[in-house]
Amino acid sequence: MSGKFEHALHGRFLRGLALSPDRAAVRVGADEITYAEAHRLALRWAGALLEHGPVPPKAVGVLAAKSVHAYVGILAGLYAGATVVPLQPAFPAARLRAMADAAGVAAVIADERGCAVLPELLGAGGDLPVLAPGGGPGEGVTWTPIAVEDRHALAEPRPVGPAGIAYVLFTSGSTGRPKGVTITHGNTGHYFRLLDARYDFTPDDVFTQVFDLNFDCAMFDLFCAWGAGATVVAVPPGAYRDMPAFCAEQGVTVWFSTPSAVSLIRRTGGLREGAFPGLRWSFFAGEALRCEDAADWERAAPGSVVENLYGPTELTITVSGHRWSAELTPRLAANGVVPIGRVHDGHEHFLLGDDGGEAETEGELCISGPQMTPGYLDPADNEGRFLRRGSRLWYRTGDRVRRTGEGELAYLGRLDSQVQVQGLRIELAEIEHALRSCSGVEEAVAVGAPAAGGLELYAFYTGAGAPPAQLAKELRAVLPEQMIPRRFLRLPEMPLNPNRKIDRSVLRARAAELAGNAS
């Protein structure tokens, strides 16, 4: 059956099903589900979704933490021919509602964690159909349950075309609302074909799932593993107390995380020499990877190939990669940061100079090719992110890079106000927008400051002022936890540069000083 669905994202699961029907597809703590069991359950759920709405539904929201139900929910949405929209239950209800509305979510699959926040998400109307294997939102809540019956089970997944939207992920937006990025089956098809040629994953591999399901890197773990008939293991926060023991117990062979995880494992004593003897592959993405961290990880996992992967959500998970070499990499690195490597085959790129022309060696990285999103859910968000040159459309990454002379690209940093915090791409303007609506705040500026565990957020503001705990509480109503600044500092006035603009460099320097004193 998998050949028929070769171009579809869920065709990768069908490949794994053919290779490993009785092997665990996903393991979350003591819970696991085999490929055969997940396939049967996803067909039943997909059939139920199609019985309760349009065929196919435009979009299915998966309101779930990392649970077996969450993974089957993603598969069921794809089997139904719908666009999957991962929704993180820990996000504020207003943000979840905005995402669901923007994506045109026609039905929701909710696990136990998701069911707990359903009342806030549904509001008074409760007219959104919900498939709730977690049991439902409880008494006193108006909701439309989707019944799952054997007679509605699909015989096979519904067909989809390469232009069909496989999933929508939301990134931080400068307008004060999240931006929905559409990724097609054609985008993912090209991406995973390249990975299949580059890596030797097998049914015996066990992949970590460190990333939340609303983060695009989670799709790497999931569909690389499923395409090989391998197992995905969710990594609980408590595992960081002794990550080597967790990986040994679970038989982990493929690791993928943000570089921040290296610092955390080092602080808990887990980065000792030879600590991860079972790893074959180690991948890092979402933040700049320091050469020091890559070298330490290689010593801890001597049998593992270490790679630094790079790519914004708009270019389908990752679009370039660099394989660490203790001899070569430090010579190619810029400011001690591992290069982002070569752009994937089938893509073109150029460097945009400050003058708007093409730069020879250093500039903003612009990429075009089969992994590029067809655009944001709201076409207005495309403004400034895409550039037309001739007949071709290019995505402006906002990242400044330098050609190394070895055919690779070295990462120099962000051009704009986006920052990476624990792998989450954040638009500082969104924090500022939210902060200006808080009690006692007039003007607001958010900056990132390097710290021992990665980048930390600091907020400077003017106005009457309010206790930091109150500001944080008000922000948590509209922003995810990773976007809450570590410190709030009230100023009598904002520093200005000669052009009478807020001098952010002064504030960044102040935040860096504070971060240094705190470490």
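The values are calculated or read from the model by the stated rules, or taken from the named source; none is laboratory data. Note that the coordinates shown come from a computational prediction; the quantities given were computed from them, not determined experimentally. Note that we place each Cβ from the backbone using ideal geometry, even for glycine, and neighbour counts take in every protein chain shown.
Please state which one of Glu307, Glu249 is among the acidic types (Asp, Glu) and touching a Phe, Trp or Tyr at 6+ places or on another chain (Cβ under 8 Å). None of the other options fit; the residue is Glu307. Picking from residues in region 362-400 that are among the polar types (S, T, N, Q) and in contact (Cβ under 8 Å) with a residue 12 or more places away in the chain, the one that is surrounded by the fewest Cβ atoms within 10 Å (Cβ to Cβ) is Ser368. Taking residues in region 37-51 that are assigned by TED's automatic domain parsing to the domain that holds Leu78 and at pLDDT 95 or above, and partners anywhere that are surrounded by fewer than 24 Cβ atoms within 10 Å (Cβ to Cβ) and assigned to a helix (DSSP H, G or I), the pairs with Cβ atoms closer than 7 Å and at least 6 places apart or on different chains are His39/Leu17; Arg44/Asp150; Gly47/His152; Ala48/His152. Within the option set Ala472, Ala444, being buried (at least 17 other Cβ atoms within 10 Å of the Cβ), touching a Ser or Thr at 6+ places or on another chain (Cβ under 9 Å) and over 21 Å from Tyr310 (Cα atoms) holds for one residue only, Ala444.
Only residues that are over 23 Å from Ile426 (Cβ atoms), under 24 Å from the mean Cα position of the chain (by Cα) and either surrounded by fewer than 22 Cβ atoms within 10 Å (Cβ to Cβ) or modelled with pLDDT under 95 (or both) were counted across region 293-335, and they come to 3. Looking at this structure, is Thr202 polar (S, T, N, Q) and over 25 Å from Glu481 (Cβ atoms)? Yes.
Residue check: Pro54 meets all listed conditions (1) surrounded by fewer than 20 Cβ atoms within 10 Å (Cβ to Cβ); (2) in contact with a strand residue (DSSP E or B) (Cβ under 8 Å, 6 or more places away or on another chain); (3) part of a helix (DSSP H, G or I) but one, namely (3).
Out of (1) in contact (Cβ under 8 Å) with a residue 24 or more places away in the chain; (2) farther than 17 Å from Leu222 by Cβ; (3) crowded, with 18+ Cβ neighbours inside 10 Å; (4) assigned by TED's automatic domain parsing to the domain that holds Ala70, what's the single condition that is false for Pro157? Condition not satisfied by Pro157: (2).
Of the residues that sit in region 279-292 and are part of a loop (DSSP other than H, G, I, E, B) and either of a type in the set (Asp, Glu) or touching a residue at least 40 places away in the same chain (Cβ under 8 Å) (or both), which one is surrounded by the most Cβ atoms within 10 Å (Cβ to Cβ)? Step by step, filter region 279-292, then rank; the result is Leu289.
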